[in-house]
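The values are calculated or read from the model by the stated rules, or taken from the named source; none is laboratory data. The shown structure was predicted, so the numbers you read here are calculated from the model rather than taken from an experiment. Here Cβ is always computed from backbone atoms with ideal geometry, including for glycine, and neighbour counts include all displayed protein chains. All accessible areas refer to the heavy atoms of the entire protein, side chains included, with ligands and DNA or RNA removed. Shrake-Rupley method; radii C 1.70, N 1.55, O 1.52, S 1.80 Å.
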Amino acid sequence: DPDIVWVRDCQTLIPYSGPPGHFTRVSYADVLAGRTSDSAIRGKIVLVGATAQGIGDAWSTPVSGGALAMPGVEVMANVLEAQRSGTLIRKVPLVPTVFLTLLPVYLLGVALRVLTPRWSMMSGIAIWLATLGGSYLALQLAHWWWPPSAALLAILALYPLWSWRRLV
């Protein structure tokens, strides 16, 4: 039916377990020929795919390093491992993202209005570090991804603008 379209409705961020080759690989031909022991695959989930260079699909991943690409079947193994362990990374929804982006900027704005210039700068540094640290902790502890770059850039821009406006 030409009216049916494919929609990507489950985009996910993958917490990779390790670089290419992290998962145990067993040759499909060796399994069929009986050259692999039963204990190598008994009770395990087996994914079948091409891993040789130039034969199957290969993807650049954050853990690939250099020119070493990760075979598609290994990407799927990472997704499966993350699903089984409950560690898939979820994006923070839009409204909390906007709130988390504006909150540090607002806090710095308040600090700039009520504190002395020296303490304003110190609070700007503290708010910047807390914003970066909060994003890191959310990713590490709760597997939530909130991109802090907009808040960090706004904080970096706000102090010099405020300082310049005080001089005018």
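The residues of the stretch 86-105 that are surrounded by fewer than 11 Cβ atoms within 10 Å (Cβ to Cβ) and either among the β-branched types (Val, Ile, Thr) or part of a helix (DSSP H, G or I) (or both), listed by number, are 94, 95. Taking the residues in the stretch 70-82 that are at pLDDT 90 or above and small (Gly, Ala, Ser) as candidates, determine which candidate is surrounded by the fewest Cβ atoms within 10 Å (Cβ to Cβ). The extreme case among them is 82.
Any residue in the stretch 22-33 that is under 30 Å from residue 136 (Cβ atoms) and not charged (D, E, K, R)? Yes: the stretch 22-33 contains one or more residues that are under 30 Å from residue 136 (Cβ atoms) and not charged (D, E, K, R). Within the stretch 2-14, is even one residue surrounded by 14 or more Cβ atoms within 10 Å (Cβ to Cβ) and farther than 22 Å from residue 85 by Cβ? Among the residues of the stretch 2-14, not one is surrounded by 14 or more Cβ atoms within 10 Å (Cβ to Cβ) and farther than 22 Å from residue 85 by Cβ, which makes the answer no.
Set side by side, the residues 64, 17 differ, and just one is in a loop (DSSP other than H, G, I, E, B), touching a residue at least 24 places away in the same chain (Cβ under 8 Å), in contact with an Asp or Glu (Cβ under 8 Å, 6 or more places away or on another chain) and among the small types (Gly, Ala, Ser), which is 17. The residues of the stretch 70-93 that are more than 12 Å from residue 13 (Cα to Cα) and in contact with an Asp or Glu (Cβ under 9 Å, 6 or more places away or on another chain), listed by number, are 71, 72, 73.
Counting only residues that are more than 14 Å from residue 80 (Cα to Cα) and either open to solvent by less than 60 Å² (accessible area, probe 1.4 Å) or modelled with pLDDT under 85 (or both), the stretch 15-27 holds 3 of them. Just so you know, in the stretch 110-168 the residues that are open to solvent by less than 30 Å² (accessible area, probe 1.4 Å) and outside any helix (DSSP H, G or I) include one that is nearest to residue 14 (Cα to Cα), and it is 146. Anything in the stretch 118-141 that is without any contact (Cβ under 8 Å) to a residue 12 or more places away in the chain and among the small types (Gly, Ala, Ser)? List them, or say none. Correct list: 126, 133.
In the stretch 55-69, of all residues being of a type in the set (Ser, Thr, Tyr) and open to solvent by less than 40 Å² (accessible area, probe 1.4 Å), the one that is nearest to residue 14 (Cα to Cα) corresponds to 61.
Among the residues that make up the stretch 41-49, is at least one of them of a type in the set (Lys, Arg), in a loop (DSSP other than H, G, I, E, B) and surrounded by 11 or more Cβ atoms within 10 Å (Cβ to Cβ)? For the stretch 41-49, residues of a type in the set (Lys, Arg), in a loop (DSSP other than H, G, I, E, B) and surrounded by 11 or more Cβ atoms within 10 Å (Cβ to Cβ): absent.
Given the structure, is residue 30 acidic (Asp, Glu), more than 30 Å from residue 90 (Cβ to Cβ) and in a helix (DSSP H, G or I)? Taking the combined requirement at face value, the residue satisfies it.
Answer with yes or no whether residue 102 is more than 16 Å from residue 16 (Cα to Cα), touching a helix residue (DSSP H, G or I) at 6+ places or on another chain (Cβ under 9 Å), among the hydrophobic types (A, V, I, L, M, F, W, C) and in contact (Cβ under 8 Å) with a residue 24 or more places away in the chain. Answer is yes for this residue.
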